[in-house]
1. What residues have an amide H closer than 5 Å to that of GLY65, excluding those fewer than 5 places away on the same chain, when H is modeled at 1.01 Å from N in the peptide plane?
2. Taking the square root of 5 times each eigenvalue of the Cα gyration tensor, what semi-axes in Å does the equivalent ellipsoid of the range 93-193 have, largest first?
3. Over the chain, with the other protein chains present, what is the accessible area per residue in square angstrom, probe 1.4 angstrom?
4. With r defined as the distance between the Cβ atoms of VAL118 and ASP190 and R0 fixed at 51 Å, what FRET efficiency is calculated, to the nearest 0.05?
5. For THR390 and GLU9, calculate 0.36 nm times their separation in residues minus their Cα-Cα distance, and state this gained length in nm to one decimal.
6. Please work out the Kirkwood hydrodynamic radius for the range 26-188, using every pair of different C-alpha atoms, and report it in angstroms with one decimal place.
7. Quantify, in whole percent, the carbon and sulfur part of the accessible surface of the chain (1.4 Å probe; protein heavy atoms only).
8. Within the chain, what's the longest run with no GluC sites (Glu not before Pro) in a DSSP loop and at most 14 other beta-carbon atoms within 10 Å? Give the range, please.
Amino acid sequence: MQRHFSLAECDVVGFDLDHTLCRYQLPQSARLIYDSFAQYLVAEKGYDEDLLTLAPDSLDFCCKGLVLDIEEGNFLKLAEDGTVLRASHGTKSMTAEEILEIYGRKEWKHFNTVSGMVSRTAKYYLYDNYFDLPGALLCARVVDSLDQHDGQKKYDFWKDMVAAIQHNYKISAFKEDCGMYFPEVKNHPDKYLQRCPESVKKWLKQLKNAGKILLLITSSHSDYCRLLCEHVLGNDFEEYFDILITNALKPGFFSHTPNQRPFRTLENDEEQEALLSLDKPGWYSQGNAIQLYDLLKKMTGKLDPKVVYFGDSMHSDIFPAHHYSNWETVFILEELLGDEGTVPVKAESEPLEKKGKYEGDQLKVPYFVSKQWGSFFTDRLPGLENAEETLVHTWSCKCISTYSTIAIPSLEAIADLPLDYRFTRFSSNSSATAGYYPSPPRALLPNEDSVSMK
């Protein structure tokens, strides 16, 4: 495996949409998602009305990489070896003693399936992206509420939570103005969406002018995709891409071999007949990576065109594109923005004046830096009093260096670099920090005493 990665060497550049090309105002969108799920549970399923009120700092509970142990009502933060680093019952943090008593110092019982990137079963749910994450807080508060009223030992609220998610995100909801989520984003896009920086638009054009084929592959339905793209890129957004694929149903788009879903054409955002193969560029729905790759071979005239895919979900984007399609992967990790102590960038990585800036003061308090759960990247093993604590990498952190080519905080962070800029890959040496650009999270640097661990 070569040591460096460069966009100049890629024939095809693919993008996820939500939280990749289209970035959200995270605190506002988190609140909307929470409210949309909570409203449904209270109005349709008879849950406690207290769920509708949210204390200002309660979104601190939301942290990517948490796993909900559904039957126990416990949330877990896992180490790379599958042991439990932190846990909460409902919203209430467990002590080191409680964690050791319940989970011991051994691999969590479902770790082998979760580490195989199975993100949901009847037993657990992995919170891997910002569309899901506010639901973690809601589920934790449901557990608190059930404990208070019923003193339950096993929990069966999950089916109602699934119904709330389906109600708000179902494919027809945008068109029907159903649920709370889509109508609100439609009416107030500026409140929830960040416009794409000019530097990124210029970079997309630069990629195209350099002869790259540009793809958009999103699980969002075509009508929502159009709203987002018009808002963040402009009415001419289709000109940026050779192929647009909506309702891609990732990770199945990559992983459903040999039972691939066929591509479908679209008319007025309605899916039409299934296609036997993909013959030309355009806008499609559903589909699969194998037929897409056949088209890319034709378009590039190469037997083995090199594809890189940018995405924000380890489960839906990065792992399946890497594992099933052998594509290069660039992980968009906004958690890198919240690392207040990010190391100063070396001069060789200039120009970086415009990198990864948030509007206003959101950089100071992004909601994805959790006091309750600590660093996304590392933590200390829960030790009993006076025992020496050991710093370990989280399972989420391990996945990044295993399945991503590089990780960046936003597209903006690389938009001003020349296309032949050579990034150091994660797999280039034994360093767990090699692939982070522009700099590794502070928590991963050796002898870093200022890692905030409570």
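The values are calculated or read from the model by the stated rules, or taken from the named source; none is laboratory data. Because the structure is predicted, anything quoted here is derived from the model rather than measured. Quick reminder, even Gly has a Cβ in these numbers, built from the backbone with ideal geometry, and neighbours come from all protein chains shown. The accessibility values were calculated without ligands, DNA or RNA, using every heavy atom of the protein model including side chains. Shrake-Rupley method; radii C 1.70, N 1.55, O 1.52, S 1.80 Å.
1. TYR127, ASP128
2. Values: eigenvalues 203, 61, 38 Å².
Result for the range 93-193: semi-axes of 32, 17, 14 Å.
3. On the way: 19690 Å² over 454 residues.
Solvent-accessible surface per residue comes out at 43 Å².
4. On the way: r = 38 Å, r/R0 = 0.74.
Efficiency, from the Cβ-Cβ distance: 0.85.
5. On the way: separation 381, 0.36 × 381 = 137.16 nm, distance 4.08 nm.
The span from THR390 to GLU9 would gain 133.1 nm if fully extended.
6. Details: mean 1/r = 0.0607 Å⁻¹.
Result for the range 26-188, one decimal place: 16.5 Å.
7. Working: 9600 of 19690 Å².
Here it works out to 49 percent.
8. On the way: sites that count: GLU71, GLU340, GLU353, GLU359, GLU385, GLU388, GLU389, GLU448.
No qualifying site falls inside 72-339, the longest such stretch.
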